[in-house]
Structures are given as C-alpha cells and as structure tokens.
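Below: one structure, written as structure tokens.
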Amino acid sequence: MARAYLLLYVSDGSADHVVQSLRGKPGVVFTDLLEGPPDVIIMAKADDRLKLAELATRAIASVESSVEVIRVLPASNGLNP
C-alpha cells in the first residue's frame, strides 16, 4: 500500500472550497484545513505508487485553479519499495 501527504498552498480565500472539493475523491483518505501556510493537507492512498500518482494527480487537477504550490511527502512504512 502506497500513501503520501500533500501540502497545498492555495489562493486567498479558497482553502475551504479546496477541502470540500477534494473530500470523497478516489484515493483521498482525508483532507483538512491547516493554520497555514501550507493551507491544506491531504493524505492519499492506493495499492501502489503508480496508482497513487494517478489518483493524486486527478484529485489535484479538480482544484488546480486554486492551488499555487504543492509539496508531496511520500510515506513509508518499511513495506513500500
């Protein structure tokens, strides 16, 4: 199982919209507002890294007009290659 945390820096006033838009997207386990910056955190999960990248890219594409910067932090539990 592959997972990553994504930290989003978003346009002024759009953090709530970004969080609501990303909730329920395939691969998105949770999303939450931060005291920021960064403004939003997402945890994404998939069966493998390729699928994780695909799902995360699709989720972010749905809000890309509001996102200024993305930082991706891949997680490892010792089982991921």
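The values are calculated or read from the model by the stated rules, or taken from the named source; none is laboratory data. None of these values were measured; they are calculated from a predicted model. Glycine gets a Cβ as well: all are built from the backbone with ideal geometry, and neighbour counts include every protein chain shown.
Quick one: count up the residues across segment 32-57 that are of a type outside the set (A, V, I, L, M, F, W, C) and either over 15 Å from residue 8 (Cβ atoms) or touching a residue at least 60 places away in the same chain (Cβ under 8 Å) (or both).
Going residue by residue through segment 32-57, those that are of a type outside the set (A, V, I, L, M, F, W, C) are 32, 35-39, 45, 47-49, 51, 54, 57.
Going one step further and asking which of them are either over 15 Å from residue 8 (Cβ atoms) or touching a residue at least 60 places away in the same chain (Cβ under 8 Å) (or both), we end up with 45, 47-49, 51, 54.
So the answer is 6.
When the residues of segment 64-79 are filtered to those that are among the β-branched types (Val, Ile, Thr) and over 10 Å from the mean Cα position of the chain (by Cα), which remaining residue is nearest to residue 10 (Cα to Cα)? Even if it seems obvious, please write down each step before you answer.
Step one: filter segment 64-79 for residues among the β-branched types (Val, Ile, Thr), giving 67, 69-70, 72.
Next, from what is left, pick out any that are over 10 Å from the mean Cα position of the chain (by Cα): 67, 69.
Values: 67: 4, 69: 7 Å.
Only one residue fits best here, namely 67.
Collect the residues in segment 4-48 that are in a loop (DSSP other than H, G, I, E, B) and touching a helix residue (DSSP H, G or I) at 6+ places or on another chain (Cβ under 8 Å), keeping them in residue-number order.
Going residue by residue through segment 4-48, those that are in a loop (DSSP other than H, G, I, E, B) are 11-14, 23-27, 34-39, 47-48.
25, 26, 27, 36, 39 - these are the residues of segment 4-48 that are in a loop (DSSP other than H, G, I, E, B) and touching a helix residue (DSSP H, G or I) at 6+ places or on another chain (Cβ under 8 Å).
Quick check, is residue 10 surrounded by 12 or more Cβ atoms within 10 Å (Cβ to Cβ) and either among the acidic types (Asp, Glu) or at pLDDT 90 or above (or both)?
Working: surrounded by 12 or more Cβ atoms within 10 Å (Cβ to Cβ): yes; either among the acidic types (Asp, Glu) or at pLDDT 90 or above (or both): yes.
So residue 10 passes the test.
What about residue 21, is it surrounded by 14 or more Cβ atoms within 10 Å (Cβ to Cβ), out of contact with any strand residue (DSSP E or B) (no Cβ under 8 Å at 6 or more places or on another chain) and closer than 13 Å to residue 68 by Cα? Explain how you work it out, then say what you get.
On the way: surrounded by 14 or more Cβ atoms within 10 Å (Cβ to Cβ): yes; out of contact with any strand residue (DSSP E or B) (no Cβ under 8 Å at 6 or more places or on another chain): yes; closer than 13 Å to residue 68 by Cα: no.
Against the criterion (surrounded by 14 or more Cβ atoms within 10 Å (Cβ to Cβ), out of contact with any strand residue (DSSP E or B) (no Cβ under 8 Å at 6 or more places or on another chain) and closer than 13 Å to residue 68 by Cα), residue 21 does not qualify.
I need the full set of residues from segment 49-63 which are surrounded by 12 or more Cβ atoms within 10 Å (Cβ to Cβ) and either part of a strand (DSSP E or B) or more than 9 Å from the chain's Cα centre (by Cα) (or both), in order please.
Selection gives 49, 51, 52, 53, 54, 55, 58, 62, 63.
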